[in-house]
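Engineer: A single structure is presented below for examination.
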Amino acid sequence: MILETMLTDWMRKVFSGVLEGTPIEPGRVVVVATADGAFGDYQCNAAMGLARVARRKPVEIASLVKERIDAARSDFLERVEVAGPGFLNLYLRTDWLVEILDQIAVDVRHGVPRVGEGRTVLIDYSSPNVAKPMHIGHIRSTVIGNALDRCYRYLGYRVIADNHIGDWGTQFGILILGYRNFLDRDALRDHPIEELERLYVKSYEQARQSTEWMDQARQELVKLQAGDPENRRLWAEFIQLSLAEFETIYRRLDVKFDLIRGESYYHDQLAPMLARVMEAGIARESEGALVAFLEEEKLPPAIVRKSDGAFNYAATDVATVLSRVAEFNPDRIVYVTDERQQLHFKQFFAICRRLGVTVQLEHVWFGLMRLPEGTFSTRQGNVIKLDRLLDEAEARAAALVKELTPEMEPERQTQVARAVGIGAVKYADLSQNPQSLVTFSWDKALSMNGNSAPYLQYAYARMASLRDKYRERFPTGKPETFPLQMTEPVERVLALALVRFPETLIRAVESSKPSLLADYLYNLAGTYSTFYQNVPVLKAAEGVRESRVRLGGAVADVLRTGLNLLGIEAPERI
Ligand code: ARG
């Protein structure tokens, strides 16, 4: 059950009853979880928004609502309070919470409904460019996109994860020319991507100095696009080398795609797309180029085909949408890229709309992340460097694990260190509001007492060990046969947090913010540690002890599931 939804539906009915005759627009009455228990468990501010249409003071409306609620007996509500100018603070009945928690504790899905059943979402993420540096934008796209991918799947959506590789851009003319003139075969064998990048950079510099070189590069590109066998062969080789390199990163990050389709896949669909665009009167000729004028959408014009006849990025993206709609009929297409592409997405979404495309198109953008000095630079930064970042994460995590669990077998330590190191890098990214600029720091990413993956993983391992200890001490004990009891306030806080898992996950997906899930997990672990430090578990009397073991077990399950949804492993021991 989704508590927020259930409470919202109920509250809307109460408001309609109180304000008979006043039209209440959908979305006017919403109930949301409070951030602070001092204002109840849930809160509703609708009286404020409805004051004008109802021609009444907010506090009057709120009081009428309270009266009506007080007059009826409720299974779930303990009491309601009117606060300040007209806020309604709701307090849930503890016995009702326990009932819900009882169901959640035995449910492998922790009460999360499959709200996406029967719906399809295509997520376009990672999408690096062949033979060009995989920059930090691609890494963030990979980590954020993959977390969304996992969350959508969990909610029951059919997900198509599509890695839209940049394999058809102008870089190929330059690269082919570089390859012909400066190739170092040994380097290509030993470090293919570094060598391709070197060739690209060197040739690019030549092109900047000499128009002749630039012209030659253009000719190579034209030959490639026209199907010249030699250039096609080189192109295919570049792609294959790049993909192999990307694949090593994806494997380390445990990222899997359903499709890896480059821009080139849509090449043949560009001309028919253009015909549709022209026929619909969306674009017209301007100085030799074909340009979509988007005044109605208050957007600057978008070039669809350049004056030299080449199609550009927007054209490929429009053709890609048409192809995806025809092939998969998705309900939603989500793109994950850095903030610099916002205008591009607005423009080609507008063109799609004008073509009558109805699929929901969403651009999830994020700010760039700053990495420690020397780890990454776009100039020579590349996947090899990302490899080194991950190596360093694992090495630092290994030291941490050795310190925490010196007695663990070395082989197991290595496995755990991998989970912790990779988890730390991912979480450092996912725990931030995607749209803020963040600086990555090792201290923060690996902190044992801050908002980090190792902190959460360690919390999980301690919860797991509590279960083990219980089994050791009480081998015949059966906690699941004892009822849950809320004897201490912190137990109720934990119970409330657990029943909020479904609504949190749904909100994280709907707002495309994995950080909401990360925040939730961090708070959950923090509340658990207050519980664990202040409330006896194994030393408590029988019955209370089993209840607490069950509660701790439910927290552990939700924490593990939540971490996995962010693409982070939760080892049983650290
Ligand atoms: N390859 C692009 C880049 O590196 C990102 C592509 C994102 N996806 C898309 N359909 N435009 O900037």
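Engineer: For the range 1-80, what does the relative contact order come out to in percent, with C-alpha contacts under 8 Å and a separation of six or more?
Structural biologist: 25 percent
Engineer: So the label point goes 7 Å from the Cα of Q435 along Cα→C-beta, right? Which residues of the range 132-148 then have their backbone N under 20 Å from it?
Structural biologist: In the range 132-148, the label zone of Q435 (backbone N under 20 Å from the point 7 Å along Cα→Cβ) covers 137-138, 140-148.
Engineer: Helix 270-279 versus the longest principal axis of the chain: what angle, 0 to 90°, nearest 10, using Cα atoms?
Structural biologist: For 270-279 against the chain, the angle is about 80 degrees.
Engineer: For K444 paired with D258, estimate the spin-label separation in nm (one decimal), with each label point 7 Å from Cα along the Cα-to-Cβ line.
Structural biologist: Taking the simple label geometry, K444 and D258 are separated by 3.5 nm.
Engineer: Within 10 Å, count the other beta carbons around each residue, average over each peptide in 119-127, 432-440, and list them highest first.
Structural biologist: 119-127, 432-440
Engineer: Same structure again: Explain nothing, just compute: Karplus ³J(HN,Hα) = 6.51 cos²θ - 1.76 cosθ + 1.60, θ = phi - 60°, for every residue of the range 517-529 in order, whole Hz, x for Gly and Pro.
Structural biologist: Ordered by residue, 3J(HN,Hα) equals 5, 4, 4, 4, 5, 5, 5, 4, 5, x, 5, 4, 6 Hz.
Engineer: Right, here's the next one. What is the sum of charges, Lys and Arg at +1 and Asp and Glu at -1, for the other residues whose Cβ falls under 14 Å from the Cβ of E230?
Structural biologist: +1
Engineer: Can you give the FRET efficiency to the nearest 0.05 for R189 and M408, using r as the Cβ-Cβ distance and R₀ = 51 Å?
Structural biologist: Computed FRET efficiency for R189 and M408 comes out at 0.85.
Engineer: Same structure again: May I ask you to compute the full-extension gain from D75 to E20, defined as 0.36 nm times their residue separation minus their alpha-carbon distance, rounded to one decimal in nm? Could the numbers behind the result be given before it?
Structural biologist: On the way: separation 55, 0.36 × 55 = 19.80 nm, distance 2.47 nm.
Here the answer is 17.3 nm.
Engineer: At 222 nm, what helix-only mean residue ellipticity would the chain give, in deg cm²/dmol to the nearest 500, using -39500 (n - 2.57) for each DSSP H run of four or more? Show your work: numbers first, answer last.
Structural biologist: Details: 21 runs with 319 residues, N = 574.
Computed mean residue ellipticity for the chain: -18000 deg cm²/dmol.
Engineer: When Lys and Arg each count +1 and Asp and Glu each count -1, what net charge do the other residues less than 10 Å away from E245, Cβ to Cβ, add up to?
Structural biologist: Residues near E245 contribute -3 overall.
Engineer: Less than 9 Å Cβ to Cβ from Y125, Lys/Arg counted +1 and Asp/Glu -1: what total charge do the surrounding residues give?
Structural biologist: Here the charged neighbours net out to -3.
Engineer: What Kirkwood hydrodynamic radius, in Å, does the range 465-528 give when the mean of 1/r is taken over all pairs of distinct Cα atoms and then inverted?
Structural biologist: Details: mean 1/r = 0.0715 Å⁻¹.
After inverting the mean inverse Cα-Cα distance, the result is 14.0 Å.
Engineer: Another question, then. Provide the per-residue ³J(HN,Hα) series for the range 347-358, in order, calculated from phi with Karplus coefficients 6.51, -1.76, 1.60 and θ = phi - 60°, each as a whole number of Hz, with x at glycine and proline positions.
Structural biologist: Those phi angles translate into 5, 6, 5, 4, 4, 4, 4, 5, 7, x, 6, 9 Hz.
Engineer: Under 18 Å Cα-Cα from K202, which aspartates and glutamates qualify once same-chain neighbours fewer than 8 residues away are excluded?
Structural biologist: D184, D186, E194, E212, D215, E220
Engineer: For a quick protection proxy, order the peptides 393-405, 201-213 by their average other-Cβ count within 10 Å, most packed first. If you can, show how the numbers build up before the last one.
Structural biologist: On the way: 393-405: 18.2, 201-213: 14.9.
Final packing ranking: 393-405, 201-213.
Engineer: Follow-up question, since we're still on this one. Taking the chain as the reference, fit the longest principal axis to its C-alpha atoms, fit the long axis of helix 489-499 to the helix C-alpha atoms, and give the angle between the two in degrees, 0 to 90, nearest 10.
Structural biologist: The helix 489-499 is inclined about 40 degrees to the chain.
Engineer: Also, I was wondering about something else. Would you pull out the residues with amide H under 5 Å of N129's amide H, same chain only if 5 or more places away, H placed 1.01 Å from N?
Structural biologist: Close amide H contacts, sequence-distant or interchain: G166.
Engineer: Separate question: Report the extension gain between L343 and E488 in nm, rounded to one decimal, defined as 0.36 nm multiplied by the number of residues separating them, less their alpha carbon distance.
Structural biologist: Fully extending the segment from L343 to E488 adds 46.9 nm.
Engineer: So, one more: Each residue of the range 428-434 in order: what ³J(HN,Hα) in whole Hz does its phi give by Karplus 6.51 cos²θ - 1.76 cosθ + 1.60, θ = phi - 60°, with x for Gly and Pro?
Structural biologist: 3J(HN,Hα) across the range 428-434, in whole Hz: 4, 7, 6, 7, 8, 4, x.
Engineer: What is the helix-to-structure angle for 211-226, meaning the angle in degrees between its Cα long axis and the longest Cα principal axis of the chain, kept from 0 to 90 and rounded to the nearest 10?
Structural biologist: Tilt of helix 211-226: around 70 degrees.
Engineer: If you don't mind, there's one more thing I want to ask. Multiply the residue separation of E60 and R180 by 0.36 nm, subtract the distance between their alpha-carbon atoms, and state the gained length in nm to one decimal.
Structural biologist: Answer, rounded to one decimal: 35.2 nm.
Engineer: Kindly provide the pair-distance distribution of the range 1-133 built from C-alpha pairs, with 5 Å bins from 0 and whole-percent values in order of increasing distance.
Structural biologist: Result, from short to long distances: 2, 9, 16, 18, 15, 11, 8, 7, 5, 3, 2, 2, 1, 0 percent.
Engineer: Here is a further query. Can you give me the orientation-averaged projected area of the convex hull built on the Cα atoms of the range 1-75, in nm²?
Structural biologist: For the range 1-75, the mean projected area of the Cα convex hull comes to 5.4 nm².
Engineer: Restricted to Cα positions, what overall size does the range 135-206 have along the principal axes? Three whole-Å values, descending.
Structural biologist: So the three principal-axis extents are 52, 25, 18 Å.
Engineer: Assuming 1.002 mPa s and 20 °C, estimate D for the chain with Stokes-Einstein, Rh taken as the Kirkwood radius over Cα pairs, in µm²/s.
Structural biologist: Approximately 79 µm²/s, per Stokes-Einstein.
Engineer: Y91 to E362: FRET efficiency via 1/(1 + (r/R0)^6), r the Cβ-Cβ distance, R0 60 Å, to the nearest 0.05?
Structural biologist: Working: r = 36 Å, r/R0 = 0.61.
My answer for the efficiency is 0.95.
Coordinate-derived values only; no laboratory data. The shown structure was predicted, so the numbers you read here are calculated from the model rather than taken from an experiment. Here Cβ is always computed from backbone atoms with ideal geometry, including for glycine, and neighbour counts include all displayed protein chains.
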